[in-house]
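What follows is a short report on a single structure.
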Amino acid sequence: MLPPRRLSRELAERAGESVRIAGHLEEYRALGGVAFALVRDGSGTTQVTLKKGTTEPAMFTVLEGLARESVVEVEGTVLRSEKSRRGVELVPSRLEVLSAAEVPLPLGVVDKVPAELNTRLDHRVLDLRKPAVRAVFELRAELLAQLRAAFVRRGFLEVETPKLLRQGAEGGATLFSVDYFGTPAFLAQSPQLYKQMLIGAGLERVFEIAPAFRAEPSDTVRHITEFTSLDAEVGYVTDPDEIRGLLEGIVADAVDASREALTASGSPLAGGLPKLPRPFPRIPFATAEGWLGRPGAGRDLSTEEEKAVGERAVREYGSPFYFLTDYPTVVKAQTFYAWRRDDDPATTGYFDLDYRGLEIASGGRREHRLEPLLANLRAAGLDPARFGSYLEAFRFGMPPHGGWGLGLDRLVQALAGLPNIRESRLFPRDRYRLEP
Ligand code: AMO
């Protein structure tokens, strides 16, 4: 499912033929009687070899005066060449400059010295020309396609819910306000309320892949203000482990299929996609707290604690992915839609899916009964009157249900081994970045 490869990928099989390629001029080097122009397209870099006495002299002049990263089109004959990177070279018969680049480049594309992430993101169009950066987005596209396919195979219906809302669902502090024709409105932090309403609508299994917005003031390597949320909601489930089983199956299937596809296309990132042992370990929150020596602390894990739990979990279970289960109610007090166990109201049916200490998803069983839901809302300090249309869905027959939200950017960050989540998005948004 990777994007179609351009012509030069197959050049190796086309020795003796006449072809036309186009791309960015990576480098031009003249060495006495010969000169080399490296032309990079979506499939890689092709060596164009000019020879004094054979190649039209004007071509040398044009290339000499042309800045790196200009776009050229070259027609010529493919010859085998042991010395060139792809085993072939192109002997040009025609050269056309399609777009000349300015000098100097604000960011080098083939520079050996790595640039600062901020500089790279400021000049992202040039940064994305680097094959290693491009590979991240090929992985991302593949993973996304495979995740979607895994949902569809399990009978999920893909839906799209509004991103302009009258109220939030994940706590007021991270809401972005919008002026909606003079009325206050918010950007969606999550499709939470709508995906539950769709279970009330009888759709039974829904998923959504869409942007979510959070006014995260914290400047960390795992938070951004616009991320892609993969949300699922499933009707007629009461056991949180059934929900975990679905999530684990979808993630593991998508990782397996992506590894196959990326291996076939020669992606440098294919090796980073692990064969996942299943089932993923289930670690009760209380066990993790015991490991940390802070039993019953009544608060969520800090980033440092998450990392420590991740190291221990990988050591003990040998799996990079694992669930933290049975979150205490006190930790999920604001998560009003989370079901509290009937036999133990101090514990919810909520879990996180983590990858080596990085939270990738969270979800669980929901409260589907109106009265306890109202009580949860009030306990969270929220006014039920503001949730009228959400609550209506619970008044006229709501199946028991559950689901999860998974951050695609974090999954890509984890699987591509990126130090910073910003690198998993083409044009990331954070507290300080609104362009490009
Ligand atoms: P939660 O708030 O845990 O749950 O978010 C779900 C997942 O979304 C990702 N995520 C983020 N990724 C990048 N930057 C951020 N600022 C950010 N915030 C969240 C994480 C996280 O695990 N409604 C519930 C889900 C549910 O219960 O179905 C929710 O949104 O990967």
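The values are calculated or read from the model by the stated rules, or taken from the named source; none is laboratory data. Quick caveat, the model's predicted, so the values are computed rather than measured. Every residue, glycine among them, receives a Cβ derived from its backbone with ideal geometry; neighbour counts consider all protein chains shown.
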Those residues of region 32-68 which are among the acidic types (D, E) and either within 18 Å of G108 (Cα to Cα) or crowded, with 17+ Cβ neighbours inside 10 Å (or both), in sequence order: D41
Sole exception among (1) out of contact with any Leu (no Cβ under 9 Å at 6 or more places or on another chain); (2) loosely packed, with under 15 Cβ neighbours inside 10 Å for A132, by number: (1)
Could you list, ordered by first residue, the pairs with Cβ atoms under 8 Å in which the first is in region 117-133 and in contact (Cβ under 8 Å) with a residue 40 or more places away in the chain and the second is β-branched (V, I, T) and not in a helix (DSSP H, G or I), at least 6 apart or interchain? L126/V109; R129/V109
Would you confirm whether or not region 207-225 contains a residue that is modelled with pLDDT under 95, among the polar types (S, T, N, Q) and surrounded by fewer than 21 Cβ atoms within 10 Å (Cβ to Cβ)? yes
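Residues of region 278-306 being basic (K, R) and closer than 16 Å to Y327 by Cβ, which ones? Before the answer, list the steps.
As a first pass, look at region 278-306 and keep what is basic (K, R): 278, 282, 294, 299.
R282, R294, R299, listed by residue number.
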Just one listed residue, out of R366, R425, R433, R410, is in contact (Cβ under 8 Å) with a residue 12 or more places away in the chain, of a type in the set (D, E, K, R) and in contact with a Lys or Arg (Cβ under 7 Å, 6 or more places away or on another chain), and it is R410
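Of all residues in region 128-155, count the ones that are assigned to a helix (DSSP H, G or I) and farther than 30 Å from G23 by Cα. Break it down into steps so the answer makes sense when it comes.
Step one: list which residues in region 128-155 are assigned to a helix (DSSP H, G or I), which gives 131-153.
Then keep just the ones that are farther than 30 Å from G23 by Cα; that gives 147-153.
The total comes to 7.
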Would you call L276 more than 16 Å from the ligand (Cβ to nearest atom), in contact with an Asp or Glu (Cβ under 9 Å, 6 or more places away or on another chain), at pLDDT below 95 and not polar (S, T, N, Q)? yes
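Taking the condition of being hydrophobic (A, V, I, L, M, F, W, C), within 16 Å of the ligand (Cβ to nearest atom) and crowded, with 18+ Cβ neighbours inside 10 Å, how many residues in region 376-397 meet it? It would help to see each step written out before you state the result.
So the first thing to find is which residues in region 376-397 are hydrophobic (A, V, I, L, M, F, W, C), and the list is 377, 379-380, 382, 385, 387, 391, 393-394, 396.
Filter once more, so that each one left must be within 16 Å of the ligand (Cβ to nearest atom): 377, 380, 382, 387, 393.
From what's left, crowded, with 18+ Cβ neighbours inside 10 Å: 377, 382, 387, 393.
Of the residues in region 376-397, 4 are hydrophobic (A, V, I, L, M, F, W, C), within 16 Å of the ligand (Cβ to nearest atom) and crowded, with 18+ Cβ neighbours inside 10 Å.
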Is there a residue being within 10 Å of the ligand (Cβ to nearest atom), under 17 Å from the mean Cα position of the chain (by Cα), buried (at least 17 other Cβ atoms within 10 Å of the Cβ) and among the hydrophobic types (A, V, I, L, M, F, W, C) anywhere in region 317-337? no
When you go through (1) surrounded by 15 or more Cβ atoms within 10 Å (Cβ to Cβ); (2) not in a loop (DSSP other than H, G, I, E, B) one by one for P274, which number turns out not to apply? (2)
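If only one of P240, P184 is at pLDDT below 95 and of a type outside the set (G, A, S), which one is it? Spell out the reasoning first.
Details: P240 fails: at pLDDT below 95.
Of P240, P184, the one residue that is at pLDDT below 95 and of a type outside the set (G, A, S) is P184.
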Name, by its number, the condition in (1) away from the ligand (no atom under 14 Å from the Cβ); (2) part of a loop (DSSP other than H, G, I, E, B) that does not hold for E170. (1)
Residues within region 400-426 that are more than 10 Å from the ligand (Cβ to nearest atom), out of contact with any helix residue (DSSP H, G or I) (no Cβ under 7 Å at 6 or more places or on another chain) and closer than 30 Å to R369 by Cβ, tallied: 1
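Here are some residues: V234, V206, V221. Which one is of a type in the set (V, I, T), under 16 Å from the mean Cα position of the chain (by Cα) and either more than 10 Å from the ligand (Cβ to nearest atom) or over 23 Å from L144 (Cβ atoms) (or both)?
Numbers: V234 fails: under 16 Å from the mean Cα position of the chain (by Cα); V206 fails: under 16 Å from the mean Cα position of the chain (by Cα).
Matching residue, one of V234, V206, V221: V221.
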Looking at this structure, is R222 touching a residue at least 12 places away in the same chain (Cβ under 8 Å), out of contact with any Pro (no Cβ under 7 Å at 6 or more places or on another chain) and not in a loop (DSSP other than H, G, I, E, B)? no
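Would you check if E27 is of a type outside the set (F, W, Y), in contact (Cβ under 8 Å) with a residue 40 or more places away in the chain and over 30 Å from E142 (Cα atoms)?
On the way: of a type outside the set (F, W, Y): yes; in contact (Cβ under 8 Å) with a residue 40 or more places away in the chain: yes; over 30 Å from E142 (Cα atoms): yes.
Yes.
Yes/no per residue for (1) touching a strand residue (DSSP E or B) at 6+ places or on another chain (Cβ under 7 Å); (2) within 24 Å of F427 (Cβ to Cβ); (3) part of a helix (DSSP H, G or I):
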residue	(1), (2), (3)
D231	yes, yes, no
G245	no, no, yes
E248	no, no, yes
D256	no, no, yes
T263	no, no, yes
R278	no, no, no
W291	no, no, yes
R294	no, no, no
A297	no, no, no
Can you pull out every residue in region 190-203 that is within 12 Å of the ligand (Cβ to nearest atom) and either part of a loop (DSSP other than H, G, I, E, B) or more than 16 Å from Y236 (Cβ to Cβ) (or both)? S190, P191, Q192, L193, Y194
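Across region 106-127, what is the total count of residues that are hydrophobic (A, V, I, L, M, F, W, C) and more than 17 Å from G23 (Cα to Cα)? Please lay out each step first, then the result.
Initial filter on region 106-127 (hydrophobic (A, V, I, L, M, F, W, C)): 107, 109-110, 113, 115, 117, 121, 125-126.
Imposing the further condition that a residue be more than 17 Å from G23 (Cα to Cα) reduces the set to 107, 113, 115, 117, 121.
Qualifying residue count for the region: 5.
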Selection over region 156-167 where residues are part of a loop (DSSP other than H, G, I, E, B) and either more than 16 Å from the ligand (Cβ to nearest atom) or closer than 15 Å to D231 by Cβ (or both) yields a count of 7
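So if I check each of R153, R120, which one is surrounded by fewer than 18 Cβ atoms within 10 Å (Cβ to Cβ), among the charged types (D, E, K, R) and more than 16 Å from the ligand (Cβ to nearest atom)?
Values: R120 fails: surrounded by fewer than 18 Cβ atoms within 10 Å (Cβ to Cβ).
Testing whether each residue is surrounded by fewer than 18 Cβ atoms within 10 Å (Cβ to Cβ), among the charged types (D, E, K, R) and more than 16 Å from the ligand (Cβ to nearest atom) leaves just R153.
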